[in-house]
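Take a look at the structure below.
The values are calculated or read from the model by the stated rules, or taken from the named source; none is laboratory data. The structure displayed is predicted, hence computed values, not measured ones. Cβ: placed from backbone, ideal geometry, glycine included. Neighbour counts: every protein chain shown.
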Amino acid sequence: MALFTIDNDNRLDSIKELPFKLEKELQVLTEQNLTAIFGLDFVRSEFSLNNFRIDSLAFDKEASCFVIIEYKRDKNSSVIDQGYTYLSLMLNNKADFILEYNENRKDVLKREDIDWSQSRVIFVSPYFTPYQKEAINFKDLPIELWEVKRYSNKTIGYNQIQASGAQESVKTISRQNETIEKVTTEIKGDCSIKIVVYPALAVVRHGRLSSRQRSQCRRPSVRRRFGKRASRYMSNAMRFSR
């Protein structure tokens, strides 16, 4: 998409894309603005655990869950495999993630304060291949792809790649992969509703809510974001929960 600025004489001046020279530059910029971009709280950069290194660890207070953020380096790598590997790492080392949060944040987090079923992975990159975009085309995938473009007029855009009318569940392929199958038993996702930072609404659509999830869906921030849909899903879920 071509972008232009309009001068006083109604003439157009082209705005050129300004690529990131280093991926670390993109990581630092994103980490410093996590709340503005994703509505998340920054926890830790370069979190290493069991021979794995997580680029950015964040926490979603609205959904009460951890969010892992990775900056794509290899265009040929599988976002499914890498995403579920990190989710498996987190679910098998919950205490380490809670400890990391408590050591880096002012408030104290307890195990019961976390809804592990809402955990997700966000991949950020200037470009994703058609294969990587097609790989997320499942209705309940806890993985998001975000393309970022920086421009010469000091503007930047973060655009989420949406699943294109996904009807198939990731559980279809989970039987072929032990890691995916193990993670899907504990994590719920629904990319058809989860736009940015309110994955609790994914649970609403499945028809059963905990009291805490009902409270989340009543929050003004959720209602502003989803409008009448939040009320409709809420009513349906409460009806099925009876």
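Residues being assigned to a helix (DSSP H, G or I) and touching a residue at least 40 places away in the same chain (Cβ under 8 Å): count how many of those fall in the stretch 111-141. Spell out how you get there, then give the answer.
Within the stretch 111-141, the subset assigned to a helix (DSSP H, G or I) is 111-113, 116-118, 130-135.
Add one more test, that the residue is touching a residue at least 40 places away in the same chain (Cβ under 8 Å), and what stays is 113, 116-118, 132, 135.
Residues that pass the stated criteria total 6.
Every listed requirement among (1) of a type in the set (Asp, Glu); (2) in a loop (DSSP other than H, G, I, E, B); (3) more than 15 Å from the chain's Cα centre (by Cα); (4) in the same structural domain as residue 158 (by TED's automatic domain parsing) is met by residue 9 save one, (4). Taken together, 180, 173, 156 contain a single residue that is assigned by TED's automatic domain parsing to the domain that holds residue 89 and modelled with pLDDT of 65 or more, which is 156. The C-beta contact set for the stretch 83-105 (first residue over 16 Å from residue 142 (Cβ atoms), second residue of a type in the set (D, E, K, R) and surrounded by 15 or more Cβ atoms within 10 Å (Cβ to Cβ), distance under 6 angstrom, 6+ apart or interchain) comprises 100/44; 104/44.
Tell me, which residue of the stretch 111-159 that is among the charged types (D, E, K, R) and within 12 Å of the chain's Cα centre (by Cα) is surrounded by the most Cβ atoms within 10 Å (Cβ to Cβ)? The selected residue is 144. Summed over the stretch 56-110, the residues that are assigned to a helix (DSSP H, G or I) and among the hydroxyl-bearing types (Ser, Thr, Tyr) give a count of 5.
Assess whether residue 78 counts as being touching a helix residue (DSSP H, G or I) at 6+ places or on another chain (Cβ under 8 Å), over 21 Å from residue 42 (Cβ atoms) and surrounded by fewer than 16 Cβ atoms within 10 Å (Cβ to Cβ). Spelling it out, residue 78 is indeed touching a helix residue (DSSP H, G or I) at 6+ places or on another chain (Cβ under 8 Å), over 21 Å from residue 42 (Cβ atoms) and surrounded by fewer than 16 Cβ atoms within 10 Å (Cβ to Cβ).
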